[in-house]
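> Sharing a structure with you now.
The values are calculated or read from the model by the stated rules, or taken from the named source; none is laboratory data. No experiment lies behind these values; they were computed from the predicted model shown. Don't worry about glycine lacking a Cβ; one is built from the backbone with ideal geometry, like all the others, and counts go over all protein chains shown.
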Amino acid sequence: MNHLVDLPEWQSLQAHYQQIAPLHLRDLFQQDPGRAERFRLDACGWFLDYSKNRIDRQTMDLLVKLAKACGVEEARRRMFSGEKINRTENRSVLHIALRNRSSQPIYVDGQDVMPQVRRVLDRMADFSEKVRSGQWMGAKGRPIRNVVNLGIGGSDLGPAMAYEALKPYAQPNLRVRFVSNIDGAHLAGALADLDPAETLFIVVSKTFTTLETMTNAASARRWLLSGLGGAELAEAPQSAQARQMTARHFVAVSTQADRVAQFGIDAAQNMFEFWDWVGGRYSLPSAVGLALMVAIGPEHFFQMLEGYHAMDRHFYTAPLEQNMPVLLALLGVWYHNFFGAPTYAVIPYDQLLARFVAYLQQLDMESNGKGTTQEGTPVAWPTGPILWGDVGTNAQHAFFQLLHQGTHLVPCDFIGFVQPAWSAFREDYTRLFAGHHDRLIANLLAQTEALAFGKTAEEVRAEAVEDRLIPHRTFPGNRPSNTLVAQRLTPYSLGSLIALYEHKIFVQGVIWQINSFDQWGVELGKQLANRILPELQAPQEPPWKHDSSTTQLIRWYRQHRSG
Ligand code: G6Q
């Protein structure tokens, strides 16, 4: 593989950067009246305006040439055809199969995976309908009213984010909660007002070994058994009675049938399978989305898959220069590698997307937070950016000060919708909350404009501002952003939005020559905690194997934990 920075396309971009860097967006807009028309793209119901970027036509040409030189088209083909592109784990990367709504087969090791994907989706739909209709009874013969998802990372963030985003679609008489943290406060808080007789737990873990999830699952089972059968039963989870109760209140989502069975869940009946070619952070459209499907119903879940699939098709078929994920990826590379911007912010102007940034943080930073190339050598260029953000307008009253007048360049993605999600369901809200939405969107648009064009000293002076305050009230502008708008936040638009970012991240990983699909940093965390845990709990001080700082902290904890 050619060294990225030695590619002639990279070097052309470096030279071109010298020409673009001194230009202001004010000049770029003035010089090119057709700019907004030129730098826009429609795909899968999303309208992208990327004209407020520090680019000209040549920038985009050069960036697309870079993508071609880096083999983005070939990498895309290899992913979609099931080749084992996750080389460090020797796995295919086929989240696109989970939402393949066409009749096209998709092969892994010569076997079409689509029949098993459809079979699991059918089982999920069947199960969801049973819970939603009250047909699925708890051990005391009562219908389920509460669903608690136990999982962490990729087994939590996707369904938790999408549940919040699609709440207007959720069945009102079902409470759905997500518990991830091993901090007992999370589980305790989620269960505090629930009746065990009406509560169903979905234990989601690809490996079924993750300390947080397994600890939460064991405690949830104790809570259930003690609530239904008393303290003694809670201490005998493998007894026949306990197993019967567990079967009515616990289902699992995993790739590991044996471990699921060991826990006491009937793997044949009550386990929903997924596969090692689905990475945790890409797993929402698999059985990992079961809690979401129970909440919003199979039909809406399938609409979300349609949205994903539409963006998959767009990404697969559109030429690079008209390919939304590719364009977003290239603009990201432009700022990250040429302007040296280490972070970017995502600001959804939609309260229902409150968890979207946290979700994207995992997707992006776990995928591309790598310092080793596919060939095993250290990278000689910055890779995965730091992603941050929050919902607008809240973010405006918090960190936007830094975006406008700080010393860092932070490119932003603004996301908004023409209509509020609830307008499809609640006519009374349209009346009661009239005016909110236009004000929300006015803020979004005003921010992108102010970031790009700023406010000159002359403009401030014209407002009769005291001379000494003029520098403080001047806004440099020239701060780039993308604006993404869709009609309404729906299962479809959410699915296509997620796929947009998934593929963007993939393209960047290809350009940076890293494997976006492993996560050894996460694995390390899992092992380290398991090593220290027995040392915290041992009755006698164990022989110390750590550095002096860690040893001191363990000792201090041991000395104080009984107090
Ligand atoms: C995601 C990561 C990680 C993973 C969690 C949970 O891509 O691999 O966030 O999802 O560590 O793992 P389990 O599903 O195996 O419990």
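> Would you confirm whether any residue within region 542-552 is in a helix (DSSP H, G or I), away from the ligand (no atom under 16 Å from the Cβ) and among the small types (Gly, Ala, Ser)? So that I can check it myself, show each step before the final result.
Keep residues of region 542-552 that are in a helix (DSSP H, G or I), which gives 548-552.
With the extra rule that they be away from the ligand (no atom under 16 Å from the Cβ), the set shrinks to 548-552.
Subset that is among the small types (Gly, Ala, Ser): 548-549.
Taking every residue of region 542-552 in turn, at least one turns out to be in a helix (DSSP H, G or I), away from the ligand (no atom under 16 Å from the Cβ) and among the small types (Gly, Ala, Ser).
> I need a count of the residues in region 275-292 that are more than 9 Å from the ligand (Cβ to nearest atom) and either surrounded by fewer than 24 Cβ atoms within 10 Å (Cβ to Cβ) or within 19 Å of ALA170 (Cβ to Cβ) (or both).
Going through region 275-292 one residue at a time, the tally reaches 10.
> Kindly establish whether ALA97 is among the small types (Gly, Ala, Ser), in a helix (DSSP H, G or I) and out of contact with any Phe, Trp or Tyr (no Cβ under 9 Å at 6 or more places or on another chain).
Working: among the small types (Gly, Ala, Ser): yes; in a helix (DSSP H, G or I): yes; out of contact with any Phe, Trp or Tyr (no Cβ under 9 Å at 6 or more places or on another chain): no.
The answer is no for ALA97.
> Same structure, new question: So, ASN149, is that one assigned to a loop (DSSP other than H, G, I, E, B), at pLDDT 95 or above and under 26 Å from the mean Cα position of the chain (by Cα) or not? Talk me through it step by step, then tell me what you get.
Details: assigned to a loop (DSSP other than H, G, I, E, B): no; at pLDDT 95 or above: yes; under 26 Å from the mean Cα position of the chain (by Cα): yes.
Criteria not met by ASN149.
> Any idea how many residues of region 191-220 are over 20 Å from VAL131 (Cβ atoms), hydroxyl-bearing (Ser, Thr, Tyr) and more than 14 Å from the ligand (Cβ to nearest atom)?
Total satisfying the criteria: 1.
> A follow-up question, please. Select from region 446-493 the residues that are within 18 Å of LEU25 (Cβ to Cβ) and assigned to a strand (DSSP E or B) and list them in ascending order.
Step one: filter region 446-493 for residues within 18 Å of LEU25 (Cβ to Cβ), giving 446-459, 474-483.
Correct list: LYS455, PHE475, SER481, ASN482, THR483.
> Give just the number: which of (1) at pLDDT below 95; (2) in a loop (DSSP other than H, G, I, E, B); (3) more than 29 Å from LEU363 (Cα to Cα) does THR209 not satisfy?
(3)
> Then there is this: Please count how many residues of region 211-262 are surrounded by fewer than 17 Cβ atoms within 10 Å (Cβ to Cβ) and either within 29 Å of GLY154 (Cβ to Cβ) or not aliphatic (A, V, I, L, M) (or both).
Keep residues of region 211-262 that are surrounded by fewer than 17 Cβ atoms within 10 Å (Cβ to Cβ), which gives 211, 215, 218, 222, 226, 230-232, 235-236, 238-241, 243-244, 247, 257-258, 261-262.
Narrowing the set further to residues that are either within 29 Å of GLY154 (Cβ to Cβ) or not aliphatic (A, V, I, L, M) (or both) leaves 211, 215, 218, 222, 226, 230, 232, 235, 238-239, 241, 243-244, 247, 257-258, 261-262.
So the count comes out to 18.
> Collect the residues in region 40-59 that are surrounded by 12 or more Cβ atoms within 10 Å (Cβ to Cβ), under 30 Å from GLY307 (Cβ atoms) and without any contact (Cβ under 8 Å) to a residue 40 or more places away in the chain, keeping them in residue-number order.
Selection gives ARG40, SER51.
> So LEU327 passes all but one of these: (1) within 26 Å of ILE441 (Cβ to Cβ); (2) under 15 Å from the mean Cα position of the chain (by Cα). Which condition number does it fail?
That leaves (2) as the condition not met.
> On to the next question. Scan region 14-39 and report the pairs whose first residue is farther than 18 Å from LEU62 by Cα and whose second residue is part of a helix (DSSP H, G or I), with Cβ atoms within less than 7 Å and a gap of 6+ or a chain change.
LEU25/ALA452; LEU25/PHE453; ARG26/PHE453; PHE29/ARG35
> While we're here: Could you run through region 373-389 and say how many residues are under 23 Å from the mean Cα position of the chain (by Cα) and on the phi < 0 side of the Ramachandran plot? Talk me through it step by step, then tell me what you get.
Looking only at region 373-389, we keep the residues that are under 23 Å from the mean Cα position of the chain (by Cα), and these are 382-389.
Within this subset, residues satisfying the condition of being on the phi < 0 side of the Ramachandran plot are 382-388.
Selection size over region 373-389: 7.
> Next question, about the same structure. Looking only at region 501-529, count how many residues are away from the ligand (no atom under 13 Å from the Cβ) and part of a helix (DSSP H, G or I).
Applying the first criterion (away from the ligand (no atom under 13 Å from the Cβ)) to region 501-529 yields 501, 503-504, 506-514, 528.
From what's left, part of a helix (DSSP H, G or I): 501, 503-504, 506-511, 528.
So the answer is 10.
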